[in-house]
Amino acid sequence: MPTIDALSERLTEYLDPQQIRQVRRAYFYAEEAHDGQRRKSGEPYVTHPLAAASILATMHMDHQSLMAAMLHDVIEDTEVTYDGISSQFGDSVADIVDGVSKLTHLEFETKAEAQASNFQKMVLAMAEDIRVILVKLADRLHNMRTLGAMRPDKQRRIAKETLDIYAPIAARLGMRDVQIELEDLAFQAHYPMRAKYIRRAVVQARGQRKDVISSIQETIEQRLRQEGLTGTVTGREKHLYSIYSKMKAQNKSFSEIMDVFAFRVVTESVDDCYRVLGAVHNLYKPVLNRFKDYIAIPKSNGYQSLHTDLFGARDITIEVQIRTKEMDAVASQGVAEHSHYKGYSGDSSDSAVGSYKRARKWVQGLLEMQQRAGNSMEFIESVKEDLFPDEVYVFTPKGRILELPAGATPVDFAYAVHTDIGNSCVSCRVDRRLAPLSQPLENGQTVEIITTPSAQPNMAWLNFVTTGKARTAIRHFLKNQQRHESIELGRRLLNQFLSKYGSNVNDIEMHKLQPLLEEASFNSIDDLLEDIGMGNRQAYVVARRLRPESDESGDGGRENPLAIQGTEGMVLQYAKCCRPLPGDEIIGHISAGKGLVIHRTSCRNIGYLRDDPDKCIYLEWYDEINDEFSVDLSCEVESHRGIIAELATVATSMGADLLQIDIDDHEGKLAKVNMEVQVKDRIHLARVMKKIRALKTVNRIQRC
Ligand code: MN
């Protein structure tokens, strides 16, 4: 069994004593936190994080990664919190542990096979620090090695997830050793019979293959010596899962795949690589179109090598990979190898370098490598997309993954699901908790939209939505809505002025209407009514032109007042200066682009209009109005502590919401209080004021 002392001994190879002490401290902290817990296999729990850290030590990962590996399960499985870890070991370590815990949490969600690649992206997106992924992979690798202790159904689930998500991520990061081990372990757990069959076939084939391999190997080595080239030649055996995938994907038989013999030549320099290539092409005839130069054009994960296929004797194919020692190290460990070179390990300042910066550094490293190789930006772009995505990935309640731009809100989510959902959404739950519709979503959250059939999009949503789809849908809805409301208001306004002539919109004579529509290039009377409702055209002017022949002489009497229902929508506004209430005498005017603005008849701002029958619109309240109205009140009180609470209690007890209150008590004993309350109508207001006036400390109260 591995011990912390054995690990510390190995760490002296590349870490300094101070760093090793910190790794040991993290180990003992984890041992205490997990005290009493055991793995399914019966071993003390701490053996697992120790094994994960040892895997990372093999890759020469920095001391912070090792510390995080030691602690990676304490937030999830013990009482220890993020703050506990950060105060003991610093923010960087705590952030990595936190990131790993979040990924662990994701495993319990449902996942459809089709979304595996989205899920991979989500995992990458959730880890701003690449080390989160490396710790997670080490965790998963050790769990796969010890999978046998689990229940069979659990084994299968974890194996499937490993094949779908974690092995491809390892491949994406160029960590070939980890990828191969994960794939073979998962393959055997998920398809035990198929794995057994292929393994047996490989063992049987191995005997004859051995001779072929050593003979080809000798031939190549001999040729290299003749040409004065140095290089180590090794024969490679394909791993089980890659044989299986090839059989499945390329529909090949086992023996067809076994007729391919693979070799690797590792040399000193890039120049040598191309010389070795020349030598083997001289030796065996190359297969057309099978040569790939990944040295000049590295793969997106930084992999570099020359690949070529050759015709061997007796119908066999010889695959050869040629690369330098450095490339070979990157090919087996990928990012991990690179981070080692690019100095995570020399970096001891905890907070000075954020995780983002460190990941950035890694990309920078790849960029330099790319520049040395002197080629296309494409692979950098793809790496950047993986590490700094502009997307967030969130779940629907059924487990489907949606990809949204960073900063997207639940409203964007709702419209992404369906326009109707967006148009009727009223609130939402994020990870089962009620959340504001404007709250930006984070990776991995589950979002549930709550709708009601009568709901409508809100103009204010335009201030926070980020997707074009949501924006367009909201605008479209509001525009339609506004047109509809404008037409209705326009119809009522026109009717009001036509009533002076004993006419109405339905009675208009066509020969009067037609020229008017043509003049303004309107297609229908609705366009005209909309224009009136929007305030772009005066209703009395239109009414005068459309009045019946019989009444062309004069202007008739005063029109009937227009009844306000409170449901007119966006084309109706209550003036902020006098805040009219149902029960107040009111008067209105049309303001271009805004529609109808309503004032109290007594309002000073409307004085100039009051006696202009053309411009002003006579209004009255509809009998039943179901709405809330804001009014301003001012009162004089005897200043004392608790006055705000007292006023708020009274207002609330009367069913009137207190929207705002402020106190000006510079006057000494007497203070002036301004407040805004929400009431149903004039009678409701009167009751509220009466109750407030009854308070002992209130001297005076009035509506502003
Ligand atoms: Mn674990």
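The values are calculated or read from the model by the stated rules, or taken from the named source; none is laboratory data. Note that the structure is predicted; figures quoted are calculated from it, not measured. Cβ: placed from backbone, ideal geometry, glycine included. Neighbour counts: every protein chain shown. Ligands, DNA and RNA are excluded from the accessible area calculation, which covers all protein heavy atoms including side chains. Shrake-Rupley method; radii C 1.70, N 1.55, O 1.52, S 1.80 Å.
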Carbon and sulfur together cover what percent of the accessible area of the chain at a 1.4 Å probe radius?
48 percent
Amide H of Gln37: which non-local residues (sequence gap of 5 or more, or other chain) have their own amide H closer than 5 Å, using H built in the peptide plane?
Tyr45
Check: C-alpha center segment 287-320 vs C-alpha center segment 425-473, spacing in Å is 51 Å
How big is the gap, in Å, between the Cα center of segment 74-104 and the Cα center of segment 560-634?
60 Å
If you take every residue apart from Asn282 with its C-beta less than 9 Å away from the C-beta of Asn282, what net charge results, scoring Lys and Arg +1 and Asp and Glu -1?
0
If you fit an axis through the alpha-carbon atoms of helix 643-653 and take the longest principal axis of the Cα set of the chain, what angle between them do you get, 0 to 90°, nearest 10?
80 degrees
On a full-extension model of 0.36 nm per residue, what is the gain between Gln456 and Asp77, subtracting their alpha-carbon distance, rounded to one decimal in nm?
132.0 nm
Could you tally the net charge around Val430, taking each other residue with its Cβ under 10 Å from the Cβ of Val430, Lys/Arg +1 and Asp/Glu -1?
0
For segment 400-410, 3J(HN,Hα) per residue [Karplus equation, 6.51 cos²θ - 1.76 cosθ + 1.60, θ = phi - 60°, Hz, x = Gly/Pro]:
6, 9, 10, 9, 10, x, 4, x, 5, 10, x
Taking only Cα atoms, what is the 0 to 90° angle, nearest 10, from helix 355-373's long axis to the longest principal axis of the chain?
50 degrees
Counting other Cβ atoms within 10 Å, which trypsin sites (Lys or Arg not before Pro) in segment 600-682 have at most 12 and lie in a DSSP loop?
Arg641, Lys669
Tilt relative to the chain, helix 468-498 - C-alpha long axis, 0 to 90 degrees, to 10:
10 degrees
Interchain or sequence-distant (5+) residues whose placed amide H lies within less than 5 Å of the amide H of Phe261 are Thr317, Ile318, Glu319
Loop-located chymotrypsin sites (Phe, Trp or Tyr not before Pro) in segment 612-704 whose Cβ has at most 14 other Cβ within 10 Å (DSSP):
Tyr622
Considering only DSSP beta bridges with both partners in the chain, what is the antiparallel share in %, to the nearest 5?
80 percent
Give me the 1.4 Å probe accessible area per residue for the chain, excluding ligands and nucleic acids, in Å².
50 Å²
Other residues with Cβ under 10 Å from the Cβ of Arg151 give, with Lys and Arg +1 and Asp and Glu -1, a net charge of +3
GluC sites (Glu not before Pro) restricted to DSSP loop in segment 483-550 with at most 13 other C-beta within 10 Å:
Glu509
Mean ellipticity per residue at 222 nm, deg cm²/dmol - from DSSP H runs of n ≥ 4 across the chain, formula -39500 (n - 2.57)
-14500 deg cm²/dmol
Tell me, in nm to one decimal, what length is gained between His484 and Asp681 on full extension, where the rule is 0.36 nm per residue of separation less the Cα-Cα distance?
68.2 nm
For Val287, distant residues with modelled amide H under 5 Å away:
Asp309, Leu310, Phe311
With all protein chains present and a 1.4 Å probe, how do Leu462, Leu546 order by accessible area, largest first?
Leu462, Leu546
Descending accessible area (1.4 Å probe), largest on the left, turns Tyr294, Tyr244, Tyr274 into Tyr274, Tyr294, Tyr244
Return the sequence-ordered ³J(HN,Hα) values of segment 36-41 in whole Hz as given by the Karplus equation 6.51 cos²θ - 1.76 cosθ + 1.60 applied to θ = phi - 60°, using x for Gly and Pro.
x, 7, 10, 7, 4, 6
For Lys669, give me every one of the lysines with a C-alpha distance below 18 angstrom, ignoring sequence neighbours fewer than eight places off in its own chain.
Lys696
The alpha-carbon center of segment 1-61 and that of segment 189-257 are separated, in whole Å, by 36 Å
